[in-house]
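See below for the structure under consideration.
Coordinate-derived values only; no laboratory data. Since we're looking at a predicted model, the values are computed, not measured. Here the Cβ positions follow ideal geometry from the backbone for every residue, glycine too, while neighbour counts run over all protein chains shown.
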Amino acid sequence: MKGQEWYQADDVAEEYDDKRFSQGGQLIDRREKEAVLDAIMPVEDRNVLEIACGTGRFTVMLAERGADVVGLDISAAMLQQGRKKAQNRGLAGTLEFLRGDAGRLPFPDDHFDTVIAMRFFHLADDPEAFLREMRRVSSDQIVFDTFNRFSARSAYNWALPMGSRLYSKSEVSVLLAKTELTLVDVEDDFLVPYGVYRSIPNGLATPIRTFDEIVGGRPITDHLASVSYWNTRVR
């Protein structure tokens, strides 16, 4: 995985949510959570694994809605932030955070109903191997996102601290076929790159987001979207 040392630093974990999901980044957080909920509803009593759970944004959200959730991450510092978040929301003891490697998941086959991985595949050195491992422990569903090759993100990708792996739709389709996953739905979003939203106040980001949704909602612009949210089923 790219950027493991950076990602596991204590100071990075402590500042992670504030740097990425404050100001205009709140709109990104809201949209990503919406994509996850749309894919796996109803959430209640569903057995969910989140890979690369980080500070527990999705893990905590799903636990609050009644799912039985395990969050797994390579970073002890990120997991500590997730545990604090769960405790602050009165969820301590109702979900589990584990340190582990996404390439060697410590669970038996078909152990979870749903496996999700958000903000993960852009860092994956071997996406097929990771997707196979996710497929192994899921009995029903896998939800993930990818950053898109033919988007504005490619123009500034070189400037990101860790770089990003960008995907075409056809590349992801091949991955799904190889790992015996069936596509249920894919949603494309954010013509304007994430970095723009994160760098400006919410008041300025909101009208940009409105424009983004109107223009980006047209079929002709789908291939220019920065991110795709994939909802798949195990064959």
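For Ser22 paired with Asn202, estimate the spin-label separation in nm (one decimal), with each label point 7 Å from Cα along the Cα-to-Cβ line.
1.2 nm
Among Phe147, Phe211, Phe121, which one shows the highest mean-square fluctuation when the chain is modelled as a Gaussian network with alpha-carbon springs under 10 Å?
Phe211
What FRET efficiency, computed as 1/(1 + (r/R0)^6) with R0 = 30 Å and r the Cβ-Cβ distance, is obtained for Asp109 and Ala177, rounded to the nearest 0.05?
Once the sixth-power term is evaluated, E becomes 0.90.
Give me log10 I(q)/I(0) at q = 0.16, 0.28 Å⁻¹ for segment 66-110, Debye formula, one equal scatterer per alpha-carbon, no solvent.
For the requested q values the scattering log ratios are -0.46, -1.05.
I'm checking a number: the convex hull volume of the Cα atoms of segment 1-130, normalised per residue, in Å³. What is it?
Spread over its residues, the Cα hull of segment 1-130 gives 109 Å³ apiece.
Would you mind working out the magnitude of the charge dipole of the chain relative to its Cα centre, with +1 at each Lys and Arg C-beta and -1 at each Asp and Glu C-beta, to the nearest 20 Debye?
I would put it at about 360 debye.
For Arg132 and Val215 in one chain, what is 0.36 nm times their gap in residues minus the Cα-Cα distance, to one decimal in nm?
Length gained, Arg132 through Val215: 26.4 nm.
Please state the shape class of the chain: rounded when a/c is under 1.5, otherwise prolate if a/b exceeds b/c and oblate if not, all from the C-alpha gyration tensor.
rounded
Just from its helices, what would the mean residue ellipticity at 222 nm be for the chain, if runs of 4 or more DSSP H residues each count -39500 (n - 2.57) and the sum is divided by every residue, rounded to the nearest 500 deg cm²/dmol?
-12000 deg cm²/dmol
Decide, for segment 8-59, between rounded, prolate and oblate: order the square roots of the alpha carbon gyration tensor eigenvalues as a ≥ b ≥ c, take rounded if a/c falls under 1.5, and otherwise choose prolate if a/b is larger than b/c, else oblate.
Note, shape of segment 8-59 comes out oblate.
Quick check for me: using +1 on Lys/Arg Cβ and -1 on Asp/Glu Cβ, what's the dipole size of segment 120-235 about its Cα centre, in debye to the nearest 20?
Result for segment 120-235 is approximately 120 debye, rounded to the nearest 20.
Can you tell me which of Leu79, Leu62, Leu91 moves the most in a GNM of the chain? Springs connect C-alpha atoms under 10 Å apart.
Sorting by GNM fluctuation, first place goes to Leu91.
Is the shape of segment 62-198 best called rounded, prolate or oblate, per the rule: a/c under 1.5 gives rounded, else a/b larger than b/c gives prolate, else oblate, with a ≥ b ≥ c the square roots of the Cα gyration tensor eigenvalues?
Cα axes put segment 62-198 in the oblate bin.
Among Leu175, Ile142, Pro106, whose Cα lies farthest out toward the positive end of the dipole of the chain, if unit charges sit on the beta carbon of Lys, Arg (+1) and Asp, Glu (-1)?
Looking along the dipole axis, the top candidate is Leu175.
Please find, in a Gaussian network model of the chain (springs between Cα atoms separated by less than 10 Å), the residue of Arg132, Arg119, Arg89 whose mean-square fluctuation is greatest.
Of Arg132, Arg119, Arg89, the Gaussian network model singles out Arg89 as fluctuating most.
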